[in-house]
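> Please find one structure pasted underneath; my questions will follow.
The values are calculated or read from the model by the stated rules, or taken from the named source; none is laboratory data. For clarity, every value in this text was computed on a predicted model and none was experimentally measured. All Cβ positions, even for glycine, are placed from backbone atoms using ideal geometry, and neighbour counts span all protein chains on display. Side chains included, ligands, DNA and RNA excluded: accessible areas come from the protein's heavy atoms. Shrake-Rupley method; radii C 1.70, N 1.55, O 1.52, S 1.80 Å.
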Amino acid sequence: MESQALTIALVGVLGIGAQWLAWRTGWPAIVLMLAAGFIAGPVCGYFGYRLLDPVGAFGDLLEPMVGIGVALILFEGGLSLDFRELRKYGGGVGRLVLIGAPVGWLLGSLAAYYVAGLVWPVAILFAGILIVTGPTVVIPLLRQSSVQQRPAALLKWEAIVNDPIGALCAVLAYEYFRTTAQDGGTAFEVIPWIGFVAIVSAVIGWAAAKLIAWSFPRGHVPEFLKVPVLLVVVVGIFVACNKIEHEAGLVAVTVMGIALANMHVSSLRSIHPFKQNIAVLLVSGIFILLAASLDLTELTYLNPFEVSGLRLYLFLLALLFFVRPATILISLLGSSIPWNERFFLAWIAPRGIVLVAISGLFALRMNELGYGDGSILIGLSFAVVVATIVAHGFTVNLVARLLGVKGATRPGLLIAGATPWTIALAERLHKLDTPVMIVDSSWQRLKPARSLGLPTYHGEILNEATEHNLDLAPFQSLVAATDNEAYNALVCSEFAPEIGTDKVYQLGEGADDDDHRAIPASLRGRALFASGWGVDDVQQRSREGWVFRRTKLSEQFDINDARETLPEAANMLLLVKPSGELVFFTHAGAPEPQPGDSIISYSPPREISEERVAKQSAKAAEANDEEGDADGSPDPQPA
């Protein structure tokens, strides 16, 4: 009991610790989790004491624990598959799935048999799992690399759609080989039965989703029980379908997730943050458990100085340079997608947690069926994950740049509300090459922004259709600045889980938690301006002709010099770093400007005194800075 509790605690610390370190460093989380589990398990075991011994701690419980975890991960992945988001890129995604998945399965099977030397059953099963590219790896990779919208969307949706398909392929392959090995049936006897079981499991999953979609909005389940009920139903469906046939539950829970995602149950929106938290915990836990379960003495087949190990490394090269490129080029043959984007898609295919989890699920079972190569699946799956993440993760920017599919590299600002103040702010940032997007439900209010050539989106920002049609990847921060403070708070509250609570801002002084008449600080965005100006304040100043000014800092011209050259009434709004990062001055605190930063301030339209102009000119000559503002106003160190 004590060892089990210690193991659970260590798994949590190592898994979440690796995720946090990945966030701080930008390194792939899956590699850090692999390293943590490998060191705590087999490496420490080699020196005489395992920090983590999942098999010893949980015994026969380890396999069902991993199985239920995989089921919940696949269900969460299915919930991400909203068909409405596929309309724009559905043709390309359809080719990658309907043509690419079978081609990839075939080519992967050939490579696993002829290059890696696996027996046919294990080669076919493993190649089915290799269809999975993994959204938990692909999506963070795309965020870090800033790829153009179309290739990024194709990679994202290929990963999401192929996630359950790879699992289904593995289930079908396993059931076929299990039935033929145990009962001696032929393909004509086994395949119809497997197909029938898959259909029955899919219908059960769909029916469970339909029941959830009917009961939740009608109040048959109270709000505080919705998440527990959903989790219990998923686990129950998984176990029940497994009673019909081994691993049929994976089919059921995947279909259940996809069906729920496309039934558009409004009451499920509130559980999205929780399901994401559950997914992070499960991914971290399963990956640490599987890595820690490895044994160094059982990894001798990965020795490159032996023939068997050399064949496995040749298989990795074949996977990177033949199987993936051929799969993409064949599936997109005759499509309208440009060749440079096809070549980019052909290179990028990192594998992730689902590959390792499903491989771990089937490895021991293939051994039980008498296929000796089943035991190497876990180690080989880890090798595939490391090889693809290293090869693709560290070259994605270079390949995207060489093929001309690199997107905007500077972080952008999403603005909710088209007002004279927000349009002026967007115009100023647009001149600095910062990506901006003004979102408003009124076509008329967007007219001044359109006339200035600023990017706009006509629609309600809180509508799900906006979420599906507007790519949020380029935007680092959000400013809600409509004329309704409560609406601004609602927008900030809605986007905080995705963009980050420290990256959503609104006008108005920060709320006092002791004031029962005010909007709670937990629901608001951070208050813009050190003075906490509200909507009425900026509207009044906008009518008086206030303007945004840019002040460039240098070693010779620091923040104190900038304050002296600005009008006394001016209020600093944000810093633009040389990298393009936006850092706002807020009611709660101010950033520390550094040489090279640009300060965007909101200032009255009055002339600066002759003395200040002379001082500014001397500083400008000394720093050899750029030329003046486009609005013609005398600007300190203007650019």
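> On full extension of the chain, what length is gained from VAL307 through LEU398, given 0.36 nm per residue of separation minus the C-alpha to C-alpha distance?
The VAL307-LEU398 span can extend by a further 29.4 nm.
> Once the convex hull of the C-alpha atoms of region 385-469 is built, how many Å³ does it hold per residue, rounded to a whole number?
With only Cα atoms used, region 385-469 gives 131 Å³ per residue.
> Using only alpha carbon pairs under 8 Å that are at least six residues apart, calculate the relative contact order of the chain and give it in whole percent.
With pairs under 8 Å counted, the relative contact order is 13 percent.
> Then there is this: Report, by chain and number, residues whose modeled amide H sits under 5 Å from the one on TYR505, excluding near sequence neighbours (fewer than 5 apart, same chain).
The answer is LEU478, VAL479, ALA480, ARG526.
> From the backbone phi of region 571-576, what are the Karplus-calculated ³J(HN,Hα) couplings (6.51 cos²θ - 1.76 cosθ + 1.60, θ = phi - 60°) in whole Hz, Gly and Pro given as x?
10, 6, 9, 7, 10, 10
> Testing the spin-label approximation: label points 7 Å from Cα along Cα→Cβ at LEU211 and PHE321. State their distance in nm.
Once both label points are built, they end up 5.3 nm from each other.
> Further question on the same structure: To the nearest 20 Debye, how big is the dipole of the chain about its Cα centre, given +1 on the beta carbon of each Lys and Arg and -1 on that of each Asp and Glu?
So the magnitude is around 1560 debye.
> Quick check on the chain: helices-only [θ] at 222 nm, where DSSP H runs of length 4 and up contribute -39,500 (n - 2.57) each and the sum goes over total residues. Nearest 500, please.
Working: 26 runs with 358 residues, N = 639.
Rounded to the nearest 500, the figure is -18000 deg cm²/dmol.
> Also, I was wondering about something else. Restricting everything to alpha-carbon atoms, can you work out Rg to Rh for the chain with a Kirkwood hydrodynamic radius?
For the chain, the value is 1.03.
> Quick one: give the max-minus-min coordinate of the C-alpha atoms of region 189-270 along each principal axis, largest first, in Å.
Projected onto the principal axes, the Cα atoms of region 189-270 cover 47, 21, 16 Å.
> What is the distance, in nm, between label points placed 7 Å from the Cα along the Cα-to-Cβ direction at LYS431 and at ALA181?
7.1 nm
> Something else now. In the chain, what % of DSSP beta bridges are antiparallel (nearest 5)?
The answer is about 50 percent antiparallel.
> Another question, if that's okay. Using only Cα atoms, what is the ratio of the radius of gyration of region 355-509 to 2.2 N^0.38 Å? List each step's numbers first, then the result.
Details: Rg = 23.2 Å, N = 155, 2.2 N^0.38 = 15.0 Å.
For region 355-509, the normalised Cα radius of gyration comes out at 1.55.
> In whole angstrom, how far apart do the alpha carbon centroids of region 525-561 and region 26-105 sit?
That distance is 47 Å.
> Let me ask something additional. Relative to the compact globular guide of 2.2 N^0.38 Å, what is the alpha carbon radius of gyration of region 513-585, as a ratio? Can you show the working numbers first?
Values: Rg = 15.5 Å, N = 73, 2.2 N^0.38 = 11.2 Å.
The value comes to 1.38.
> What is the ratio of the Cα radius of gyration of region 310-409 to 2.2 N^0.38 Å, where N is its residue count, to two decimals?
Here the answer is 1.29, to two decimals.
> Would you mind checking which residues have amide H under 5 Å from LEU574's amide H? H placed 1.01 Å from N; only 5 or more apart, or other chain.
Sorted by chain and number, the residues that satisfy this are PHE585, ILE600.
> Using a probe of 1.4 angstrom, how much of the accessible area of the chain is carbon and sulfur, in percent?
61 percent
> Helix by helix, which DSSP H runs in the chain go 18 Å or more along their axis at the Cα atoms and have an average Kyte-Doolittle hydropathy of 1.0 or more?
62-79, 187-215, 226-244, 248-261, 272-292, 353-368, 377-393
> Sticking with this structure for a sec: Give the calculated FRET efficiency between VAL227 and TYR49 to the nearest 0.05, with a Förster radius of 35 Å applied to their Cβ-Cβ distance.
Plugging the Cβ-Cβ distance into 1/(1 + (r/R0)^6) gives 0.35.
> Find how much the distance from ILE199 to TRP23 grows on full extension, using 0.36 nm per residue of separation minus their present alpha carbon separation; answer in nm with one decimal.
Here the answer is 59.3 nm.
> Considering amide H positions built from the backbone, and no H for Pro or chain starts, which residues 5 or more places from PHE475, or on another chain, come under 5 Å of its amide H?
GLY412
> Could you tell me how many cubic angstrom of Cα convex hull volume region 228-270 has per residue? Mind dumping the intermediate values first?
Working: hull volume 2.5 nm³, N = 43.
Hull volume normalised by residue count: 58 Å³.
> Could you list the chymotrypsin sites (Phe, Trp or Tyr not before Pro) in region 391-461 that lie in coil according to DSSP, counting only those with at most 12 other Cβ atoms within 10 Å of their Cβ?
Details: sites: PHE394, TRP421, TRP443, TYR457; in loops: PHE394, TRP443.
Passing both the DSSP loop test and the Cβ count: PHE394, TRP443.
> Could you let me know the centre-to-centre spacing of region 107-181 and region 407-447, using Cα atoms, in angstrom?
Answer, in whole Å: 40.
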